[in-house]
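One structure is given here, and the rest of the page talks about it.
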Amino acid sequence: MKDFDLEKLERKNIYKVPEHLFESIQGKVMDGLNDFDLEKLERKNIYTVPENLFENIQERVLNEVKPKKQAPIFTMNWAYAAAASLALIFGATFLFTGDDADKQEIPAHFASNKQERKTESETAYETLQSDLTSVENTHQTAVNKNDKKSFYANDIANEKTRNETKIQTVKPVKKQTEAQMNEYLDAFSNSEISELASNSTQDVYLDIYN
Amino acid sequence: MKIKDAEIISLMQDPRTQEKGVRALMDAYQSRLYWHIRRIIVDGDLAQDTLQETFIKAYQNFHQFKNDSQLYTWLYRIATNEALQQVNKMKKMQKSDEDPEYYMQNLVADNTEGDAEEIQILLQNAIQSLPEKQKLVFMMRYYDDLPYEEISNIVDMSVGTLKTNYHYAKQKIEEYIKENYER
């Protein structure tokens, strides 16, 4: 056996093997599976779960559950409530029925507003008056100087009156001005008035195209 | 657990400690209820919403809880109802020509961990193939190990019916796995 070479030795299984060994093993495996017992299987949760799952759920639940802040409810004693109601009723009665002084004050207040508007019409009269004065000067008509003086005197008086009547009603001012105008117009002859009227027409015409 | 339940109930019944009670309730039952809901619904986001709704309903209706039943039984009942309502909504959303079992199996595949064992996936698919009542009974008994008497209070079925249902459910699941397991 000096020339023994392991590499040249035949690879052989010398152990006894039962017949149909592999069929038998396969059969046993299959039988084992067929005997599969669910109760022996490990109870496992195999689904994926997001991180911080329960923290998120708890936060959301507590947000829903926390009592919402309610507006404070005031409770009032019935006696105070009755007193407040009475005060309201009397206050409203006093305000809406009012006394005579109140009644007068309100129209006066409105009158003072109207006065400003009337002042504009007054201004218009003044303008007309000044126009008429200029016409009077231009035509060198026989207007009495005393009349002029009286006009200026009237004018000054009128101015004074206007200042005084600023807080009064408008009607007296209107009447006064009309009286003055009538007085003034009486001083003109018919021909002068017609000439003034023609000038006035021309002014309107010019006004339109200005 | 019994003592802890008593503490939770006491906290929940007092308006001053109610918030603390809700916290204690969630700490005690969130995991069990979540997995119960998750196995019914499968979808993770919807399961999360359903668990949230379960706790809110429990808080809002705590005055209806009677001490003669166990707290977890009462919570399981709310969770089961919420989960079944969610499943019904999902069914309505489903395409009319889609096979419900196939839809649920797809949902299982989409929600499963990558390294999950094949046999575990098969088990979930087998559960989803069960009729609704058998599914509920099987899950509460197999996973949560609830006594039949407690399950009876949750799903309003007699103990005898529950046992029968569980037996059939288990048989169907084993057959399903034997048929579908790849050798």
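Brief remarks on what is shown
- A simple count of charges around B:ILE127, restricted to other residues whose Cβ falls under 9 Å of its Cβ and scoring Lys, Arg +1 and Asp, Glu -1, yields +2.
- Remark: for residue pairs B:LYS95/B:LYS133; A:LYS66/B:LYS133; B:LYS92/B:LYS170, the C-alpha separation exceeds 31 Å in A:LYS66/B:LYS133.
- Footprinting exposure proxy for B:ASP68, B:ASP110 (fewest neighbouring C-beta atoms within 10 Å first): B:ASP68, B:ASP110
- Springs join every pair of Cα atoms under 10 Å in this Gaussian network model of chain B, and among B:VAL87, B:VAL42, B:VAL137 the largest mean-square fluctuation is at B:VAL87.
- Counting only alpha carbon atoms, the long axis of helix B:132-142 and the longest principal axis of chain B meet at about 70°.
- Between the beta carbons of A:ASN45 and B:VAL159, assuming R0 = 25 Å, the FRET efficiency works out to 0.40 to the nearest 0.05.
- Gaussian network model of chain B, springs between alpha carbon atoms under 10 Å - residue of B:ASN61, B:ASN165, B:ASN153 with greatest fluctuation: B:ASN61
- From phi via Karplus (6.51, -1.76, 1.60), per-residue ³J(HN,Hα) for the stretch B:99-109 in Hz, x at Gly/Pro: 6, x, 5, 5, 4, 5, 5, 5, 4, 4, 4
- 3J(HN,Hα) along the stretch B:54-65, derived from phi through the Karplus expression 6.51 cos²θ - 1.76 cosθ + 1.60 where θ = phi - 60°, amounts to 4, 5, 5, 5, 4, 5, 5, 10, 5, 5, 7, 6 Hz, with x in place of Gly and Pro.
- Modelled label reach - B:ASN88, point 7 Å along Cα→Cβ, the stretch B:146-166 residues with backbone N closer than 18 Å: B:154-157
- Whole-Hz couplings from phi, Karplus 6.51/-1.76/1.60, listed for the stretch B:66-71; x for Gly and Pro: 9, 5, 6, 10, 6, 4
None of the figures in this text is laboratory data; all of them are computed from the coordinates on show. The model shown is predicted, which means the values in this text are computed figures rather than measured ones. Positions of Cβ are generated from backbone atoms using ideal geometry, with glycine treated the same way; all protein chains shown enter the neighbour counts.
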